[in-house]
Amino acid sequence: MKYSRVPLGPLQTNCYIIQNEKRECIIIDPGEEGEKLNQLIEREKLVPLAILLTHAHFDHIGAVDVVREKYNIPVYVHSHEQEWLTNPALNGSQFFMMGAIAVKPATHLLKEEDVLTIGDFTCEVYETPGHSPGSVSYYFKKAGMIASGDVLFESSIGRTDLPGGNHQQLLQSIHDKLLVLPEDTIVLCGHGRETTIGNEMDNNPFLNGF
């Protein structure tokens with residue numbers, strides 16, 4: 001299993017394409033530039049199986065419909081943010097002057113922590129609220145990587161000043177769900193480059209003293 005990071009849109013939100021040896025793939029957070037993303041998928045001869053959303057802020061969902069309609073694949077999001085997909089006031093797009101962004105409802109709602117199996121892909125779903133109420137992280141244990149969305153970044157953490165954000169809750173999520181993972185676990189961040197759990201334990205100033 002391997003991954004590709006594809007920054008998309010004006011905020012350069014990271015979309016991740018996780019693929020297996022059969023060239024099947026899962027797409028995490030297709031935030032913008034859907035046609036560009038589809039062209040990349042076609043060029044690499046990949047077969048998408050599903051779209052997983054770490055959360056439903058506008059910069060993580062903008063290309064959902066373009067991709068899912070081309071490949072007829074399901075979309076997963078936490079139930080706390082199901083209405084954010086269709087409501088620009090909730091997903092934040094109307095406040096950032098990006099134009100109203102709305103997509104169709106998700107196919108599957110995540111309501112609790114679980115093990116998700118899609119084709120040959122298996123990941124553990126962790127509820128990691130704080131950046132937003134329905135933020136989740138997808139842990140691919142065998143591959144040693146976790147897609148954290150905007151929960152944890154290299155030397156930083158997600159912002160909590162948007163509706164539904166909670167700074168203390170975010171720190172608790174990171175401490176309870178992420179920092180307990182093996183230190184060599186690769187963190188696929190929603191913005192910026194990848195990091196590791198160990199690196200953030202040692203160097204992230206927001207986590208020191210928590």
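The values are calculated or read from the model by the stated rules, or taken from the named source; none is laboratory data. Values in this document were obtained by computation on a predicted structure and should not be read as measured data. With ideal geometry, Cβ positions are generated from the backbone for all residues, glycine too; neighbour counts draw on all protein chains shown.
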Exercise. Can you confirm whether region 148-157 contains a residue that is out of contact with any helix residue (DSSP H, G or I) (no Cβ under 8 Å at 6 or more places or on another chain) and free of Cβ contacts under 8 Å to residues at least 40 places away in the same chain?
Key: no
Quiz item: Within the set of pairs 6+ apart or on separate chains, which have a first residue in region 39-56 that is over 17 Å from residue 70 (Cβ atoms), a second that is assigned to a helix (DSSP H, G or I) and at pLDDT below 95, and C-beta atoms under 9 Å apart?
Solution: 56/90; 56/91
Quiz item: Which ones in region 11-52 are among the polar types (S, T, N, Q), under 15 Å from the mean Cα position of the chain (by Cα) and surrounded by 20 or more Cβ atoms within 10 Å (Cβ to Cβ)?
Solution: 13, 14
Practice problem: May I ask you to say which residue of 8, 90 is surrounded by 18 or more Cβ atoms within 10 Å (Cβ to Cβ), under 22 Å from residue 194 (Cβ atoms) and either in contact (Cβ under 8 Å) with a residue 12 or more places away in the chain or of a type in the set (Gly, Ala, Ser) (or both)? | Solution: 8
Quiz item: modelled with pLDDT of 95 or more and either closer than 18 Å to residue 4 by Cβ or not in a helix (DSSP H, G or I) (or both): does that describe residue 100?
Solution: no
Quiz item: Scanning region 112-150 for residues that are out of contact with any strand residue (DSSP E or B) (no Cβ under 7 Å at 6 or more places or on another chain) and small (Gly, Ala, Ser), which turns out surrounded by the most Cβ atoms within 10 Å (Cβ to Cβ)?
Solution: 132
Quiz item: What residue, of 187, 180, is free of Cβ contacts under 8 Å to residues at least 24 places away in the same chain, aliphatic (A, V, I, L, M) and either closer than 24 Å to residue 30 by Cα or in a loop (DSSP other than H, G, I, E, B) (or both)?
Solution: 180
Quiz item: Residue check, residue 29 against (1) in contact with a Phe, Trp or Tyr (Cβ under 8 Å, 6 or more places away or on another chain); (2) of a type in the set (Asp, Glu); (3) more than 23 Å from residue 152 (Cβ to Cβ), all met but one. Which one?
Solution: (3)
Quiz item: If you go through region 110-130, how many residues are in contact with a helix residue (DSSP H, G or I) (Cβ under 6 Å, 6 or more places away or on another chain) and assigned to a loop (DSSP other than H, G, I, E, B)?
Solution: 4
Quiz item: Do we find a residue being closer than 18 Å to residue 60 by Cβ, at pLDDT 95 or above, β-branched (Val, Ile, Thr) and in contact with a Ser or Thr (Cβ under 8 Å, 6 or more places away or on another chain) anywhere in region 131-139?
Solution: yes
Self-check item: Verdict on residue 200 being in contact (Cβ under 8 Å) with a residue 40 or more places away in the chain, farther than 23 Å from residue 90 by Cβ and within 17 Å of the chain's Cα centre (by Cα)
Solution: no
Self-check item: Residues located in region 67-89, provided they are assigned to a strand (DSSP E or B) and among the aliphatic types (A, V, I, L, M)
Solution: 75, 77
Quiz prompt | Any hit, region 53-66, residues being assigned to a strand (DSSP E or B), crowded, with 16+ Cβ neighbours inside 10 Å, modelled with pLDDT of 95 or more and of a type in the set (A, V, I, L, M) | solution = no
Exercise. Out of the residues in region 101-111 that are of a type in the set (Val, Ile, Thr) and either touching a Gly at 6+ places or on another chain (Cβ under 9 Å) or buried (at least 17 other Cβ atoms within 10 Å of the Cβ) (or both), state the one that is farthest from residue 77 (Cα to Cα).
Key: 101
